[in-house]
Structures are given as C-alpha cells and as structure tokens.
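Student: Sharing a structure below in structure tokens format, with a few things to ask.
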Amino acid sequence: MTGPQHRAAPAGSLLRRQVVVRGVVQGVGFRPFVYTLATGLGLAGHVANTGQGVVAEVEGAESAVALFCARIAAEAPPLAVVESVDHREVAPAGGAGFTILPSSGGGPAATLVPADVATCADCLAELADPADRRHRHPFISCVNCGPRFSIVTGLPYDRRQTTMAGFPMCPDCAREYADPADRRFHAQPVACHACGPRLRLLTARPGAAPLSSASDDPVAEARALLSAGAVLAVKGIGGYHLACDAADPDAVARLRQRKARPDKPFALMARDLADIEELAYLGAEERALLTGGVRPIVLLRRRPGAAGRPHGVAPGCPDLGFVLPYTPLHHLLLGLPGDRPGPRLLVMTSGNLSGEPIVTGDAEALERLARLADAWLGHDRPIQVPCDDSVVRVCDGEQLTLRRSRGYAPLPVTLPVGVRPALAVGGDLKNTLCLGRGRHAWLSAHIGDMDDLATQRAFERAERQLESVTGVRPGLLAADRHPGYHSGQWAERHRDGRPLVRVQHHHAHIASAMAEHGLDGGSRVIGIAFDGTGYGDDGAVWGGEALLADYDGYQRFARLGYVPLPGGDAAVRRPYRMALAHLRAAGIGWADDLPCATACPPEERRLLARQLERELNCVPTSSMGRLFDAVSSLAGICHLAGYEAQAAIELEAAALRAGDDTGPGYAFGLGPAPAGGPDAALVADPAPVLAAIVSDLRDGTAPELVAAQFHTAVAALVHRFCVLARERHGLGTVALTGGVFGNTLLSAACAAALTGDGFTVLRHRLVPPNDGGLALGQLVVAARAATTGGGG
C-alpha cells in the first residue's frame, strides 16, 4: 500500500539506513507512525511489516536520518513495546517520497503479536454519535484499540492474516485505511456497517432448535431478554460469555443450576465505576486496572453494607469480581444514552460447562450451550484464539495476577537468562503453556484443567497457535514430575527425539517468581511454596515447602508435617475429611461438639476412621492448602467445596470480618525432620495450632477470630522458616509463591513481617502464583538443566 508522495530528500550529502524494530510493533500503528515521522523529517524511503518486525529504509540528510533513528523508539505509539532497534548503513537509492510497502514474511518470525485492547475513548465517542457513520457499529475499532491476538492467523500481522480477511473493505473504509492522517490508517480490524461483521440473535424455544430473530436491532432485543430474566450467550473477543441480570436472583440461580456451578463466584460487568463503588472499595490502582486498555476482571473487597448484594453472585467470598465493558458490543448491551433502560449490572461468566474450555465457534456454541442459554447474541467474525478474561487483584498497592489471559497473552515475559528454543507444558490445573527463546518467554492464554478431553484438545490448538505466532520451534520440552499429569503425558507422546526435562512442581513455582523478578540464578533464594498439590520427590503430596533454590536445583529446608490425604480428591471436595485426618494425626478425638465431626455423616466417619487406621488410599501430604481446608471445616466455615479453594477463600473472608485486633495468633511446633530420604531439615507440626483451635471453639470463640488467628500463625511460621534459613545459610531473599499466596491477607502479613526484618521479598505480580505460572518456572529450570546436564 502506498501513501501520498512527499518531497524528495534534500540535495547534498545523502545517507541511507535500514532500521529494524522488534517487539510489539505490528497491529499498534507503528507503520503509520514511521510514515509520519519520516515524512515530517523530509526523508525518502519505505517501511513494511516482516516476520522480523517493522523494517524501514530512510534516506536523506545525515542529521535527519540520525534524528529519525533516535526518535523511533522514544516516540513510539502508546500500544507499542519496542524491544530493540537495529540500524545499518546501506547504499543510497535516490528517489522521492516515502511509502508503506506490502507486508512480507521472509525469515523466521521474530516480532511480537499485540494483545487484544479495549475500545478506546475516540471510538466510544463515535459509537454514541448519531452523526458518525459508525454510530452503534458493534465492531468499531481503530489503530489504538480492538481485537489483535484473538484474530491473528499468521505473521506478519496484516489484514489478510487475520479473521477479518473475509470482510472486504468498502470504499469509505479503504479510503481511511490508506490515509496517513486517519486514525484507521492500516488498522487491520477496520470495518463499518456496510462492510463489517454482522450481529445475529438466535432465540431458543423449549424442545425446538434456535430460531433467528427478525429484529432490526438484535442488541435492543437482547437487552430486553436480559431484563426479562433470560440467560444469554454473548460472543466476545476471545469466546462466548453467559450473561444475565445480576440484580435478578432467579436468573442468577437458573444460570448456576444450568452451569453446574452452585457456589463459585461469578464475574460482574458494570456500566461504569459509579455502579461498582456502591458495592466495593475502589483504590487508585483498582481504578487504573478497571479503566485501562486490558480491562481484566478485578477482585474488589465488598463494602460491609453490600454483603449479599447482588444476591447469589459470590456467596461466602470476601470479594466481588468486576470488569468494565471492553468491546463495542458490551457498551451497546449495557445501553447508550437514549436507549431503553436495561440491566446496569450483568453477570458475565465464561461460556462453558464447569471444567470445559471456553466456547469460541458459533456452531459449537449452539450445541454446547444449548442447555445453558435462552438466546445467542453472536456474529460472523471468527475467533482464532480462545481468550478467557484475565483476573487480577491488588495486594499492598501492586497488581497480583491470578489468571493471565485476554489483554496480556501473548505479550512476552523478558527473561533474565537466555534459553534455547523450548516448550514448557505447565501443570494439569489452570493449565498454561510457555514457549521460550533467547530472552523471551511467551505464555499462552489460560487453557483450563486438563482432566477434560475438550481442554486437552484446546491445549494442542494453543500450542500450535503459539508456535505459529512466535516462530519458536522448540528443541527441548519441560513438564511436571507427576507421572499421571495429562500435560506430562502429552509431552512424552510428542518428544520426537527431543529431550524432556521433568521439573519438580514447587521448584518450578519458585523459579517462576525468580524469573519474573529478573534474577539470573547466581544466588539461591528462600522459596516458600504453599499450595494444594504438588508431586514430591518421595512420592508424597507436597505443598507446605520451604526450599533453598536457584535454577540449577533446590534443597528442601523445611516443610509442614505430613498427614494422610484420605481418598485424594474426595478430601479436596469434602474439607471435613481433611479436618478429621488432621485431628487424628494431632491425637485429638472426633467429638460431636466439633463442627467437622458433625458435618461428616456417621457411616462415612466410621469408614474414614478405618481407612486412616489401615492407611488405605492415604498418601501423606504436607500441603498448606489442605491445612487451610481443614481449619475452615474445623471452625465450621466450609465443609463442602464446590470449586477449587472454596474452603480457603471462605476462611479468608471470615478472618477479614474479625477486624484488626485479633491477638497474637496460634503457634506451630517446629523440630528436626526424621533422618534419611529427601526430607527437610525442619518440620512444622500443626498439632499445637489444632489443639488451640479446638480449645477456643469449646470456649465459644467466634469462627472469625479463629480464622484470623490461624492466618497470623501461618505468617509467623513463614517468618520463622526464613529466619532460620538466613541463620544457617546466609540467604536474605524470599520468594512467596504457590496458589495459597493468592490470599492477600496472608501475603500482606508475610511480606510485612519479612521486610520489617530486613528480607527482600519477591511476590508475583504479572505471572500468577498458582499453577497458571508454573510453565514459566519449568522453562528456565529445564533450559538450565539442558545446558549443564543437570536436572530440576
């Protein structure tokens, strides 16, 4: 594509340079920026997208060329992330004017695909302007906003290599696309009512196939359905959502029943910040996250007066998850000025059955969401890459990412060490895979839990897509050591002669925190890895670990004491089983005055006692996550878990209700570990904590105070582990990692005690502390092992 011609370079001594810009430089308006910069300096030449990034040649006066090279990174477009600028002198070619050349794909891909971006303020103004030709256009976008990663089919990023290839531009859009002065100059998703994708509303009737609506305004009809209590499947940027009126308790209850999600919190989409402030606390950091270009779901603390509102959305949870509209369709669905009023607050949850991946295809949506939705608000622009909403919260004034997906994927993490081309396949829960090469690691969008066959297929598609857009051809694979993980089994099947490094679960968690914070691995850290499940070197289920670690290996310095995990997943789903196992290990009887004992049916209690006595299907575990479950049930807070970490989340909620003046907390026992094997130097005994809780409960202490004092006890244990590691090994940097540290009450308490005692504390910010960040740690450990010949 050629822009308007400009005057030739000045006469006299001419210099020509080739400039290669790498990073997130395609799909962010970089070529129009280069065009404007070059023509403003009177330079001749051209610019193009290639597999290497953006490549320009500029010719003109030496001073003007030097100024161009200096300004190209410093003044880059707001969505660009410039990783490097390389330039070399080439022979002058003469000629006049500066042009934008067609994209080329020569050489291996080295550019970075941009993430999807929320609708910008300029497009929103046009959306609401009756005089604008894109008034109420559900797919309005420009060079500064709109879909990117979710529509990319190949590189270089150009319209023909996106799912917009099937929508030829009308003359008006083509004119804007070719005009350097226009905001849509080379904006690949550009479209309008005349040439863009089309909305379609399908409604269901009991026992009949969905019917196409005859309405001229499918959005208005969809809004009316929501107001009447319907559940809608709504096609977004990265997949379908299920939506209903959050203020309608019957609609929320129907959605829960249909989705088989009885307790897990739903996310809420609000029209604006004012609607959020009525229900939750908003700080400056939360406001910035909610209104920025990513628009993740942000977990916010409920206001005390908002307990239970909106009804049934997040029972037992201390937080509400909010997101503001990030597509034009969302804004239209919630209503523009002058629209007939509809719901101001929508439940907006992933379009899937519990445990399955998000639905992206239209035919798939009609089939898989048939029992869930009353109507489908879809469109004919295909989704190439599934992307669930990202989920974040703020801890101590900084972002803590819990799910890294839409808006962040596939933006790379810069690595502190170079890695050979490698693929890490992550774990089986919250699966995310990671490709690495050189100093870059690309994490996929959130994929899901690998027990489901559909998720395993989604994993394979995500792996192929990420290889395609990064150009990484991995010669090394990394996986968790658990022999039963589907992710590890996939890696075994797809080795094709490539080396496969198995990385211990908690070592990977710690390495992930180290890599995120730029540590080169030259010194060990004290890694506190607390989670629910991780395969240990001795075959036990680890999860309450203090490891002294670098990328080369680890030493198990301290752990939580082993207790039996009776029945594996049964103990996870029924926290009262974990509570009774802990009580038995502590020598405390199962008296009927204890809530966990009465929660367990009598026949199950008899069978459980026999199971523990005979050690049948009772793998030992040091899991801190399971101890949180046990205390939650022991205190009478949560006996049955309908979703992962429910008991721990409700225990945190109870602790927050206790307030600040909760006393010194309980105390763990601490002593030497049994000799031999891969054991730790120290073992923390939870028996004194459990005995104190039982005593408090019998004295009438409120469950909220029990929960708060337990959190204090765990934070004190972390501090004690670290002090002893510093005394014995001279280490002063601590990494807090694992899913338990998604608990901000615990994370903040641990960090405050440690920093107050002179430790440097690493906490996850941009990569999840849970298993969603596991693959990053696997990658750097495996790359080091492959280089040194060692193992993680």
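The values are calculated or read from the model by the stated rules, or taken from the named source; none is laboratory data. This one's a predicted model, so the numbers in the text were calculated from it and none came from an experiment. Cβ placement follows ideal geometry from the backbone for every residue including glycine, while neighbour counts extend to all protein chains displayed. Side chains included, ligands, DNA and RNA excluded: accessible areas come from the protein's heavy atoms. Shrake-Rupley method; radii C 1.70, N 1.55, O 1.52, S 1.80 Å.
Student: Pop a pseudo-label 7 angstrom from the Cα along the beta-carbon direction at both R498 and R606 and give the gap in nm to one decimal.
Tutor: Between R498 and R606, the simple spin-label model gives 5.5 nm.
Student: Follow-up question, since we're still on this one. Say a paramagnetic label sat at a point 7 Å from the Cα of E727, along Cα to Cβ; which residues of the stretch 675-715 have their backbone N under 16 Å from it?
Tutor: Those under the cut-off are 681-684.
Student: I'd like the antiparallel share, as a percent to the nearest 5, of DSSP beta bridges with both residues in the stretch 377-482.
Tutor: Just about 85 percent of them are antiparallel.
Student: Carbon and sulfur atoms: what percent of the 1.4 Å accessible area of the stretch 534-588 do they account for?
Tutor: The C+S portion of the solvent-accessible surface of the stretch 534-588 is 43 percent.
Student: For the chain, give the share of DSSP beta bridges that are antiparallel, in percent and rounded to the nearest 5; count only bridges with both residues there.
Tutor: Once the DSSP bridges in the chain are tallied, antiparallel ones form about 75 percent.
Student: Let me ask something else. What percent do you get for the relative contact order of the chain when only Cα pairs under 8 Å and 6+ apart count?
Tutor: 11
Student: Sequence gap at least 6, Cα distance under 8 Å: using those rules, report the relative contact order of the stretch 541-672 to the nearest whole percent.
Tutor: 29
Student: On to the next question. Sum -39500 (n - 2.57) across every DSSP H segment of at least 4 residues in the chain, then divide by the residue count to get the 222 nm mean residue ellipticity, nearest 500.
Tutor: -9500 deg cm²/dmol
Student: At a 1.4 Å probe, what is the % contribution of carbon and sulfur to the accessible area of the stretch 739-792?
Tutor: 55
Student: Bin width 10 Å, origin at 0, all Cα-Cα pairs of the stretch 20-100: what percent of pairs per bin?
Tutor: 19, 59, 22, 1
Student: When DSSP assigns beta bridges and you keep just the ones with both residues in the stretch 635-792, what percent turn out antiparallel, to the nearest 5?
Tutor: Bridges in the stretch 635-792 are about 50 percent antiparallel.
Student: Hey, another quick one. Would you kindly work out the equivalent ellipsoid of the stretch 620-774 from its C-alpha gyration tensor and give its semi-axes, the square roots of five times the eigenvalues, largest first in whole Å?
Tutor: Square roots of five times the eigenvalues give 25, 19, 17 Å.
Student: With the Cα gyration tensor of the stretch 22-62 in hand, give its eigenvalues times 5 under a square root as the equivalent ellipsoid semi-axes, listed largest first in whole angstrom.
Tutor: 19, 11, 7
Student: Could you work out how much longer the chain between Q18 and S523 gets when fully extended? Use 0.36 nm per residue separation minus the Cα distance between them, nm to one decimal.
Tutor: Between Q18 and S523, full extension yields an extra 177.7 nm.
Student: Follow-up. For helix 602-614, what angle does its Cα long axis make with the longest principal axis of the chain, in degrees from 0 to 90 and rounded to 10?
Tutor: With rounding to tens, the tilt is 90 degrees.
Student: Can you pull the one-decimal nm distance between simple spin-label points at A748 and T787, each 7 Å off the Cα toward Cβ?
Tutor: Label-label distance for A748 and T787, simple model: 3.9 nm.
Student: Pull out a ≥ b ≥ c, the square roots of the eigenvalues of the alpha-carbon gyration tensor of the stretch 542-660, then state rounded if a/c is under 1.5, prolate if not and a/b is larger than b/c, and oblate in the remaining case.
Tutor: oblate
Student: Quote the FRET efficiency, to the nearest 0.05, computed for C69 versus T662 with a Förster distance R0 of 60 Å and r equal to the Cβ-Cβ distance.
Tutor: 0.50
Student: Here's another thing I want to ask about it. Could you state the per residue volume, in Å³, of the convex hull enclosing the Cα atoms of the stretch 717-792?
Tutor: Per residue, the Cα convex hull of the stretch 717-792 comes to 111 Å³.
Student: Then there is this: With the contact rule set at Cα under 8 Å and sequence spacing of 6 or more, what percent relative contact order holds for the stretch 325-420?
Tutor: For the stretch 325-420, the relative contact order is 15 percent.
Student: Spelling out what I want: for every residue of the stretch 740-756, take phi, set θ = phi - 60°, compute 6.51 cos²θ - 1.76 cosθ + 1.60 (Karplus), and round to whole Hz; glycine and proline get x.
Tutor: These are the phi-based 3J(HN,Hα) values: 4, 7, x, 7, 6, 4, 5, 4, 5, 5, 5, 5, 5, 5, 6, 5, x Hz.
Student: Further question: By how many degrees, between 0 and 90 and to the nearest 10, does the Cα long axis of helix 218-227 differ from the longest principal axis of the chain?
Tutor: That helix lies at roughly 20 degrees to the long axis.
Student: Separate question: Given a Förster distance of 22 Å, report the FRET efficiency between A363 and A253 from their Cβ-Cβ distance, rounded to the nearest 0.05.
Tutor: 0.15
Student: Then there is this: State the percent of C-alpha pairs, over all pairs in the stretch 55-99, separated by a distance greater than 17 angstrom.
Tutor: 39
Student: With a probe of 1.4 Å, find how much accessible area the chain has per residue, and write the answer as a whole number in Å².
Tutor: The answer is 36 Å² per residue.
Student: Oh, and also: Using a 7 Å offset from the Cα along the Cα-to-Cβ direction at both V81 and A96, what is the distance between the two label points in nm, to one decimal?
Tutor: The answer from the label model is 4.2 nm.
Student: In degrees from 0 to 90, rounded to the nearest 10, what is the angle of the helix 62-74 Cα long axis to the longest principal axis of the chain?
Tutor: The answer is roughly 30 degrees.
Student: Charges at C-beta only: +1 for Lys and Arg, -1 for Asp and Glu. How large is the resulting dipole of the chain about its Cα centre, in Debye rounded to 20?
Tutor: 1200
Student: Taking 0.36 nm per intervening residue step and subtracting the Cα-Cα distance, what contour gain separates R198 from N617 on full extension?
Tutor: 145.3 nm
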